[in-house]
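As structure tokens, the structure follows; a few thoughts come after it.
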Amino acid sequence: MTMTTIRAGASAASRAAWLLAGVEFFFSLGWVVYVIFLPELLARGGVDKRHLPWLLAADQLLFALADWAIGVAVDRARAALRRIGGMLVMLAAVAAVAMLLLPWLASAPPLFLLATAVWVLASAALRAPPYVLLSRHAARAAMPRLAGIQLLGLAVASALAPYLAIVLKGVDPALPFALSALAVAVTALALVAVERSLPPPQPVAVAVDVDGGRRVQAVGWSVLLLIALLFAFGQQVHTAINSAAQFRRLADPDLLPWLLPVFWAGFSIGLLAVGRLVRARGALAVLQGSAAGGALALGCAALAGSLAVLLSSQFIAGALWGCILCTSIGIVAERGDPLQSGRHTGALMATLAVAAMSRLSLAAVGGGTGALLEWLPVAVWVAALALLLRLARV
């Protein structure tokens, strides 16, 4: 393989990552629209608002199951040397139709819940497969950088969420849901374009592993998923529960839509910087350093006595969360079985969904006091760091 071929492959992977950032953006924006209007839609059907957190938690459970199933399906397609574009378009079309119908079915709760389940399950086709496509056609060392580019879509959508909640207030849900459904359909076509721009799947030759080696790999993989769960749960509690309370303590509540995106601004910077950090220090070292610095930043946010300190802490915590997420995806690509990249990526996406489900369940039962919740992200990130240090010695 010549240097020209290698550079052409790297350039194609970068272009694909930028296109997939658009996929991530529209998928995440659709979820934001759904969460904004869900209370109103439940009220139309006479459903008590106290059921809202449980419904969102159930959505995340469905995401977790679907992520795993889609990952397995992608691996089977790879084993048969087939492209997955047709399957993704079909699932995305089902998701788009289900989302389009949600506002119209709100007055019939059973049908509304069924359509919601269909939308969640089908839209999982837009979560794990993009990372699988990149991991198969890019050098493993490049995965943190490419994942960082793709995750910019999530960062922008998350930063826009507080503004959308204001802009869409009082708007009939039918129009935002229709636009989101259209965006889901378009992103499926973008996925097909990405797949066709990359080389067709090739057989992967791997060394035959002995049983003992497989057992060690299985143990290491289980620890990696546990670490990812701890990181994601801490981030969920911080951004969805603690951040607003911390800003309210030091600033006018009316400023929240302008203050909450600071974390996601830092997240974007972390995504753009992680590639160089990994090239210089290695993925595991960056992950360990980001975990330590992130736990410290979360602690500073909990203790902040001025708005300037809180803003700085939120920005740094967001940047380090970006590094953590990208390096986690990179380590999955580096340590996972090449024949099971879909299964491994699906498992990581499912773990992130389980973390969101856990946070929503915690909120639904009213678990924890303010002080306990404020320090919970710090505690779980420190626990994740301890496991990372142990993993480095395996």
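The values are calculated or read from the model by the stated rules, or taken from the named source; none is laboratory data. A quick note: this is a predicted structure, and the numbers were derived from the prediction, not measured. Every residue, glycine among them, receives a Cβ derived from its backbone with ideal geometry; neighbour counts consider all protein chains shown. Surface accessibility is based on the protein's heavy atoms, side chains included, excluding ligands, DNA and RNA. Shrake-Rupley method; radii C 1.70, N 1.55, O 1.52, S 1.80 Å.
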> For residue 299, which of the numbered conditions (1) of a type outside the set (A, V, I, L, M, F, W, C); (2) surrounded by fewer than 21 Cβ atoms within 10 Å (Cβ to Cβ); (3) within 18 Å of residue 146 (Cβ to Cβ) fails to hold?
Replying inline: (3)
>> Going by what's in this entry, would residue 171 be described as part of a helix (DSSP H, G or I) and either among the hydrophobic types (A, V, I, L, M, F, W, C) or at pLDDT below 75 (or both)?
In response: no
> Is it true that some residue in region 224-235 is in contact with a helix residue (DSSP H, G or I) (Cβ under 7 Å, 6 or more places away or on another chain), among the polar types (S, T, N, Q) and either assigned to a helix (DSSP H, G or I) or surrounded by fewer than 16 Cβ atoms within 10 Å (Cβ to Cβ) (or both)?
Replying inline: yes
> Only one of (1) of a type outside the set (A, V, I, L, M); (2) modelled with pLDDT under 80; (3) surrounded by 19 or more Cβ atoms within 10 Å (Cβ to Cβ) fails for residue 112. Which number is that?
Replying inline: (2)
> Looking at residue 383, is it open to solvent by less than 60 Å² (accessible area, probe 1.4 Å), modelled with pLDDT of 80 or more, over 25 Å from residue 56 (Cα atoms) and part of a helix (DSSP H, G or I)?
Replying inline: yes
> Would you say residue 358 is at pLDDT below 80, in a helix (DSSP H, G or I) and of a type outside the set (A, V, I, L, M)?
Replying inline: no
